[in-house]
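Data first, discussion second: the structure below is written as structure tokens.
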Amino acid sequence: MAESLTIKQASVWASERLGRVVTPSNISYLINYGRLKKIEKENKIFVALHELESYYARLQREREQRWENGRHDGEVCWKLSFQEYKEAETTKHVHRLHPYKGKFIPQLVEYFLDEHTDEFKTKSVFKAGDIVLDPFCGSGTTLVQASELGLHAVGIDISFFNSMISNLKVMEFDSNDLLQHIALMTKKLEENKASQHVRVFDREISEELSTFNDTFFLKNSIKQKIHAGDMEDSSYGIACEKKILPKYRNLCAHHKIKINNASDKRFLDKWFLYPVKQEILLIKKYIDTIEESSTRRLLQLVLSRTMRSCRATRHADLATLRDAVSAPYYCRKHGKICKPLFSALGWWRRYTHDTLRRLQVYASLRKPSFQCCLIGDARVLNIETALANAHSELHKEFLCKKFRGIFSSPPYVGLIDYHEQHAYAYDLFDFPRQDEQEIGALCRGQGWQARKDYTQAIARVLLQAQNFMRNDCDIFLVANDKYKLYPVIAEKAGLKIHKTYHRPVLNRSEGDKGAYSETIFHMRRAL
């Protein structure tokens with residue numbers, strides 16, 4: 001084999017090596033960010049084969065080590081890792097309408113809900129027309145996959161925003177009404193940006209940064225040194241920040257651009273630069289005038305997604321906010337000087353287009369069935385009454401069939417504050433919050449008392465759910481049970497663990513790329 005490969009040849013080689021698709025763009029990314037050295041000859045770009053082999057071997061070793069550090073005892077179902085799927089496939093169609101921490105991938109849900117068999121799951125449990133319950137609905141993955149398989153599904157979530165996301169994913173929309181409002185709102189944003197001189201300012205600071213980064217960062221030798229650990233990137237980056245800052249301040253003064261808000265008490269004031277905040281408020285004002293409720297809610301979701309990408313923070317900190325930034329900064333994720341956003345227009349355009357495309361794809365896949373997410377505390381909610389008020393057709397199905405079973409991923413102990421992760425949306429739209437009723441919230445920690453409260457809460461949810469389920473119900477719960485709580489939970493809920501499936505989690509979309517393992521508990525009523 002040749003000692004050097006073109007980008008296309010490298011993508012083919014890597015795809016065969018890993019058993020999944022590695023695109024030319026993936027290889028270009030590794031070159032651009034110093035993972036692989038760029039070789040130029042005869043006006044073409046090559047990479048050294050030995051470097052490619054070394055990179056993927058090191059990646060595999062690191063992944064295996066992370067897996068070993070987080071693995072469960074017992075038989076591992078590697079098939080359930082779904083490592084052959086790219087992120088675009090694990091976030092397909094409406095599953096990516098809005099970011100959400102802690103969701104499971106649709107392939108996992110489909111595996112257990114679909115009517116197929118293999119060496120691990122030898123008997124199908126759910127059939128088309130059955131009703132599945134997800135008492136920890138989150139962003140609605142179970143509901144969406146149930147609709148693709150012709151299953152009815154009911155979700156429950158304590159968070160208003162989570163319930164909103166879930167219901168919007170499975171709702172039908174008037175596409176013409178959506179297109180009309182999107183076009184009008186985009187035009188208003190364009191006119192506003194031009195009138196505030198932000199467009200010219202944004203272009204000029206972008207040009208300055210492009211020239212600056214070409215000089216101080218984008219030389220392949222510098223990137224290679226940083227990636228190899230031969231150069232300490234933080235001190236070098238901070239020094240470069242200081243060099244670009246005077247030019248940035250001069251451009252702000254020249255174009256009379258106001259950057260900071262008068263106060264930082266509200267989320268909107270602290271985490272959005274003044275020009276971005278004004279655009280957000282302009283969009284919200286328009287959305288509030290829309291009469292069609294489904295269109296209004298969907299555009300609220302698009303605006304929320306736009307807001308998340310426009311927060312004034314470093315690119316590496318989008319998943320977990322650390323510090324607000326109001327000037328160009330050294331970005332460890334991209335290995336150069338980046339800038340905060342001064343306009344929401346670009347992301348608004350991108351997400352409106354993306355949302356319409358995802359809805360169209362999903363509409364072609366869904367089968368005739370009903371789905372709905374209820375807002376409430378699953379420990380005490382009277383599901384029959386709530387369902388009668390929320391969805392009459394689904395309520396009729398429930399009266400005939402009851403729930404065949406559960407497929408859900410309960411919150412993990414002390415890992416996520418589910419309301420706070422969408423604080424920007426709660427702040428802007430003034431949605432009601434019920435943080436104190438969250439189970440296993442991050443703010444309560446992972447101590448002995450937190451684990452005890454968590455165990456009792458999950459057991460109560462399962463006990464309450466059984467009041468509305470068939471006697472022969474099957475319950476599947478996905479959990480990273482490092483504290484060994486679920487055997488106790490099952491006993492308290494009058495259930496018996498029928499089977500467990502240990503799943504390695506190797507590909508993650510959040511900032512924390514560490515591999516870990518989780519268990520799918522298959523439970524049935526104790527005899």
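The values are calculated or read from the model by the stated rules, or taken from the named source; none is laboratory data. Just so we're clear, the structure is a prediction, and the values are computed from it rather than from any experiment. Positions of Cβ are generated from backbone atoms using ideal geometry, with glycine treated the same way; all protein chains shown enter the neighbour counts. In case anyone asks, the SASA skips ligands and DNA or RNA and just uses the protein heavy atoms, side chains included. Shrake-Rupley method; radii C 1.70, N 1.55, O 1.52, S 1.80 Å.
Things to note:
- Checking residue 343 against (1) at pLDDT 95 or above; (2) in contact with a Lys or Arg (Cβ under 7 Å, 6 or more places away or on another chain); (3) of a type outside the set (A, V, I, L, M, F, W, C); (4) over 16 Å from residue 178 (Cα atoms), the condition it does not meet: (1)
- The lone exception for residue 405 - which of (1) part of a helix (DSSP H, G or I); (2) open to solvent by less than 20 Å² (accessible area, probe 1.4 Å) it fails: (1)
- Note on segment 277-307: residues that are open to solvent by 10 Å² or more (accessible area, probe 1.4 Å) and hydrophobic (A, V, I, L, M, F, W, C) amount to 2.
- Failed item, numbered, when residue 146 is tested on (1) open to solvent by 10 Å² or more (accessible area, probe 1.4 Å); (2) over 19 Å from residue 479 (Cα atoms); (3) of a type outside the set (Val, Ile, Thr); (4) in contact with a helix residue (DSSP H, G or I) (Cβ under 7 Å, 6 or more places away or on another chain): (1)
- Pair list, Cβ < 8 Å and 6+ apart or interchain, from segment 398-415 residues that are under 10 Å from residue 477 (Cα atoms) and touching a residue at least 24 places away in the same chain (Cβ under 8 Å) to residues that are open to solvent by 10 Å² or more (accessible area, probe 1.4 Å) and of a type in the set (D, E, K, R): 409/103
- When 357, 350, 433 are screened for being among the basic types (Lys, Arg), at pLDDT 95 or above and assigned to a loop (DSSP other than H, G, I, E, B), only 433 passes.
- Helices (runs of 4 or more DSSP H) (entirely within segment 156-218) containing at least 3 residues that are aromatic (Phe, Trp, Tyr) and either more than 19 Å from residue 259 (Cα to Cα) or open to solvent by less than 30 Å² (accessible area, probe 1.4 Å) (or both): 198-216
- Residue list for segment 433-445, restricted to those being open to solvent by 60 Å² or more (accessible area, probe 1.4 Å) and free of Cβ contacts under 8 Å to residues at least 60 places away in the same chain: 436, 442, 443, 444
- Within segment 288-324, the residues that satisfy the criterion of being among the small types (Gly, Ala, Ser) and within 13 Å of residue 422 (Cβ to Cβ) are 304, 319.
- All positions within segment 310-346 that are assigned to a helix (DSSP H, G or I) and within 25 Å of residue 238 (Cβ to Cβ): 310, 315, 316, 317
- Scanning segment 455-490 for residues that are farther than 23 Å from residue 445 by Cα, part of a helix (DSSP H, G or I) and in contact (Cβ under 8 Å) with a residue 60 or more places away in the chain yields 464, 465.
- Segment 248-267, subset assigned to a loop (DSSP other than H, G, I, E, B) and touching an Asp or Glu at 6+ places or on another chain (Cβ under 7 Å), residue surrounded by the most Cβ atoms within 10 Å (Cβ to Cβ): 261
- Candidates 446, 421, filtered to the one that is of a type outside the set (Asp, Glu), out of contact with any helix residue (DSSP H, G or I) (no Cβ under 7 Å at 6 or more places or on another chain) and assigned to a helix (DSSP H, G or I): 421
- The sole residue among 366, 350, 358 that is surrounded by fewer than 15 Cβ atoms within 10 Å (Cβ to Cβ) and within 23 Å of the chain's Cα centre (by Cα) is 350.
- Within segment 78-89, tally of residues that are open to solvent by 30 Å² or more (accessible area, probe 1.4 Å) and either of a type outside the set (Lys, Arg) or on the phi > 0 side of the Ramachandran plot (or both): 7
- A Cβ distance below 7 Å, combined with a sequence gap of six or more or placement on separate chains, defines the contacts here; from segment 302-319, residues that are under 11 Å from residue 355 (Cβ atoms) reach residues that are open to solvent by 10 Å² or more (accessible area, probe 1.4 Å) and among the hydrophobic types (A, V, I, L, M, F, W, C) in the pairs 306/347.
- Hits in segment 29-40 (condition: in contact with a helix residue (DSSP H, G or I) (Cβ under 6 Å, 6 or more places away or on another chain) and without any contact (Cβ under 8 Å) to a residue 60 or more places away in the chain): 36
- Once segment 397-425 is narrowed to residues that are hydrophobic (A, V, I, L, M, F, W, C) and in contact with a Phe, Trp or Tyr (Cβ under 8 Å, 6 or more places away or on another chain), the residue that is nearest to residue 435 (Cα to Cα) is 423.
- Residue 17 being surrounded by 16 or more Cβ atoms within 10 Å (Cβ to Cβ), at pLDDT below 85 and in a helix (DSSP H, G or I): no
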